[in-house]
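The structure under discussion appears below in the form of structure tokens.
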Amino acid sequence: MMKSVRKKDEAAQSLRMNEKKWSKPLMDAGWTAIPAVIIERQAALGLDALDVNILLHLANHWWTADNKPHPAKNTIAKAVGVHPRTVQRHIARMEAAGFIRREERRIPGKGSRTNLYHFDGLIAEAKPFAEEKLAERRRREQDDKARPGRKGRPRLTVVGGSDDED
């Protein structure tokens, strides 16, 4: 019980911090969480700018872990300003690379619905970069702790000249 209250407090504090950065109206209109390592290491992952933009749009529709995103390719294309076929090719390429997995949804007698998208492959591919970043952060923290700081050192004071100098 105490952990869930603490998590809610942390989430509320994080939202307030983002409201200070972005403004309350922008945050109230909606926001998307995506791991920074995916943005920072997109080239190393083999993702181009449009791939990342498409991933951002997919992530924007992914609100809970068990409710996979399922926006229409036309919706993404319109938002990004490209042809729907371009979005389709990029999604197919990311699927071939193993970053995302499409799950077709069909209704018997009614046809296709928008695909569900799974990010398991992207998560697996990005995880080593995240672990590398975390290890570097821990190393820097250890270096900072090992580096003699102000604490524990005597404070230097200016000593005035003596009056004996005449």
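At-a-glance table
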read-out	value
Residue in the range 88-110 that is touching a strand residue (DSSP E or B) at 6+ places or on another chain (Cβ under 6 Å), assigned to a loop (DSSP other than H, G, I, E, B) and modelled with pLDDT of 95 or more present	yes
Matching residues, the range 71-82, being within 18 Å of LEU47 (Cα to Cα) and either acidic (Asp, Glu) or not in a helix (DSSP H, G or I) (or both)	VAL82
Count of residues meeting criterion [over 28 Å from GLU125 (Cα atoms), of a type in the set (S, T, N, Q) and in contact with a helix residue (DSSP H, G or I) (Cβ under 8 Å, 6 or more places away or on another chain)] in the range 19-45	0
Filtered residues of the range 73-86 (kept if farther than 22 Å from GLY121 by Cβ, surrounded by 14 or more Cβ atoms within 10 Å (Cβ to Cβ) and either of a type in the set (S, T, N, Q) or touching a residue at least 40 places away in the same chain (Cβ under 8 Å) (or both))	THR75
Qualifying positions in the range 87-113 - in contact with a helix residue (DSSP H, G or I) (Cβ under 8 Å, 6 or more places away or on another chain) and surrounded by fewer than 18 Cβ atoms within 10 Å (Cβ to Cβ)	GLN88, ARG93, ALA97, GLY98, ARG101, ARG102
Members of the range 114-133 that are of a type outside the set (A, V, I, L, M), within 22 Å of GLN88 (Cα to Cα) and surrounded by 12 or more Cβ atoms within 10 Å (Cβ to Cβ)	THR114, ASN115, TYR117, HIS118, PHE119, GLY121, GLU125
Wholly within the range 1-70, helices (runs of 4 or more DSSP H) carrying at least 1 residues that are over 27 Å from PHE129 (Cα atoms)	2-22, 24-28
Single condition ARG85 does not satisfy, out of (1) in a loop (DSSP other than H, G, I, E, B); (2) modelled with pLDDT of 95 or more	(1)
Residue match in the range 49-62 (condition: surrounded by 15 or more Cβ atoms within 10 Å (Cβ to Cβ) and among the small types (Gly, Ala, Ser))	yes
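The values are calculated or read from the model by the stated rules, or taken from the named source; none is laboratory data. Keep in mind that what you see is a predicted model, and the values were worked out from it rather than measured. Cβ: placed from backbone, ideal geometry, glycine included. Neighbour counts: every protein chain shown.
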